[in-house]
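Here the structure is laid out as structure tokens; the discussion comes afterwards.
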Amino acid sequence: MAKSKTVSSAAPMSSDSELRLDVLMHLSNLPGVPGQEDAVRDFVLSELDGLADDVRVDAMGNVIATRTGSGKGGKKKEGRERVMVSAHMDEIGFLVRFIDDKGFLRVQALGGFDTRNLFARDVTVHARGGTLPGILTPGGKPVHIASPEERKKIPEVREFFIDLGLDAEEVRRRVRVGDMVTLDHVARRVGSLVCGKAMDDRASVFMLLETLRHFRKTPPKHDLIAVFSVQEEVGLRGAHTAAYGVEPTVGIGLDVTLAVDTPGVGPDEAVTRMGEGIGIKVFDSSMISTRSLVDEFYDLAESQGIRAQMEVLAQGGTDGAAIQRSRTGVPTLTLSLPTRYIHSVVEAVHVDDLRSGVDLLVAYLG
């Protein structure tokens, strides 16, 4: 992991009243694990009313919204690029994989978890007949009677179970294998931060909606193909098919990245820092961003006084990688939102970084 670098702090951040943070918090609260993003998709579709020239849902469940560009200032003979910007709708979560003879549920993880964050968590099981509240916790002894060795053990996901407080017959009547399970947490403001579950990647969904809202009256110079993708957390699946279908000439992934600017971590491992602007990704384990685009976005941020920081991430991947590898290849980079406590229920993003991300997208597209 490499230290981030601030591009510019020349321009003051816009007031957060211009950002509809209530929309971001609503997006955070919605349930939507990979393959079951329906509630998020329905909300995105409602938000897109009047913001795009064409909106459709493809066979994978991706929402694809196109805002046709004016062509002014474009590089190509026809006057504009086809810019695919992708943010994923799904969140990490679980599926029910087994119901035991006492009515306890075992789960299949969808996405990566640090199981230290999963002890005694409130969850919701989304069954066909309605939602059921439950408690997720690992099997084993409580701390009061555990040995010192047992207390130190970090359990694997397969050791966790869900207690619905119902007898086995009732559980089997109401729950099926394959039902979605989400972690419970209500988004809230904490100082300059917005905290909640699924900021990865609902915060980027929010930035993409805000970018489209900016162009609701005056079109961008380039064609903007806004993709709200599915199944990113299990292998960038929705973005792969979407990119193949829309054939972009430029790709931009929108996702979160680590902001490890907290106690206990050296400055060389911070990756990005909260409040210092949107991250311009150079490298992660899924892609190396197209260098000409990195330079273009760096220079644009500097010239426009938009705070930004360079990002190198040792592990992880985004929809940008799926776009970059589509067909014969697409020039692509990812814009990364600094986020603390990733893959927990208190993922935290900074209001100023949200604004920087929207501002840089608008500056490039407009």
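The values are calculated or read from the model by the stated rules, or taken from the named source; none is laboratory data. Quick caveat, the model's predicted, so the values are computed rather than measured. Every residue, glycine as well, gets a Cβ built from its backbone with ideal geometry; the counts of neighbours run over all protein chains shown. In case anyone asks, the SASA skips ligands and DNA or RNA and just uses the protein heavy atoms, side chains included. Shrake-Rupley method; radii C 1.70, N 1.55, O 1.52, S 1.80 Å.
Structure summary
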| quantity | calculated |
| --- | --- |
| Counted residues, the stretch 180-200 - those being in contact with a Leu (Cβ under 8 Å, 6 or more places away or on another chain), closer than 20 Å to Leu136 by Cβ and either aromatic (Phe, Trp, Tyr) or in a strand (DSSP E or B) (or both) | 3 |
| The stretch 171-207: number of residues that are closer than 18 Å to Asp38 by Cα and among the polar types (S, T, N, Q) | 2 |
| Those residues of the stretch 296-332 which are modelled with pLDDT under 95 and either among the aromatic types (Phe, Trp, Tyr) or over 23 Å from Val227 (Cβ atoms) (or both), in sequence order | Ala314, Gln315 |
| Options Gly129, Gly134, Gly191, Gly140; residue that is in contact with a strand residue (DSSP E or B) (Cβ under 8 Å, 6 or more places away or on another chain) and not charged (D, E, K, R) | Gly134 |
| Residues (open to solvent by 40 Å² or more (accessible area, probe 1.4 Å) and closer than 22 Å to Gln36 by Cβ) located in the stretch 127-160 | Arg128, Gly129, Thr131, Pro133, Ile135, Arg158 |
| Sole residue being at pLDDT 95 or above, surrounded by 18 or more Cβ atoms within 10 Å (Cβ to Cβ), more than 20 Å from the chain's Cα centre (by Cα) and not in a strand (DSSP E or B), chosen from Ala52, Ala59 | Ala52 |
| Residue that is open to solvent by 40 Å² or more (accessible area, probe 1.4 Å) and closer than 15 Å to Ser28 by Cβ, where the choices are Val265, Val190 | Val190 |
| Residue ID - least open to solvent (accessible area, probe 1.4 Å), chosen from residues in the stretch 170-179 that are assigned to a helix (DSSP H, G or I) and in contact (Cβ under 8 Å) with a residue 60 or more places away in the chain | Val171 |
| Extreme residue, surrounded by the fewest Cβ atoms within 10 Å (Cβ to Cβ), among residues of the stretch 248-262 that are among the β-branched types (Val, Ile, Thr) and under 20 Å from Val358 (Cβ atoms) | Val250 |
| Search result, residues across the stretch 221-247 that are surrounded by fewer than 24 Cβ atoms within 10 Å (Cβ to Cβ) and closer than 19 Å to Tyr364 by Cβ | Lys221, Val246 |
| Tally of residues being buried (at least 24 other Cβ atoms within 10 Å of the Cβ) and of a type in the set (Gly, Ala, Ser) across the stretch 322-366 | 4 |
| Residues of the stretch 264-298 satisfying the condition of being polar (S, T, N, Q) and touching a Lys or Arg at 6+ places or on another chain (Cβ under 7 Å) | Ser289 |
| Flag if Ala270 is crowded, with 19+ Cβ neighbours inside 10 Å, of a type in the set (A, V, I, L, M) and under 21 Å from Ala65 (Cβ atoms) | no |
| Residues that are more than 23 Å from His240 (Cβ to Cβ), among the charged types (D, E, K, R) and within 21 Å of the chain's Cα centre (by Cα), drawn from the stretch 275-329 | Glu276, Arg307 |
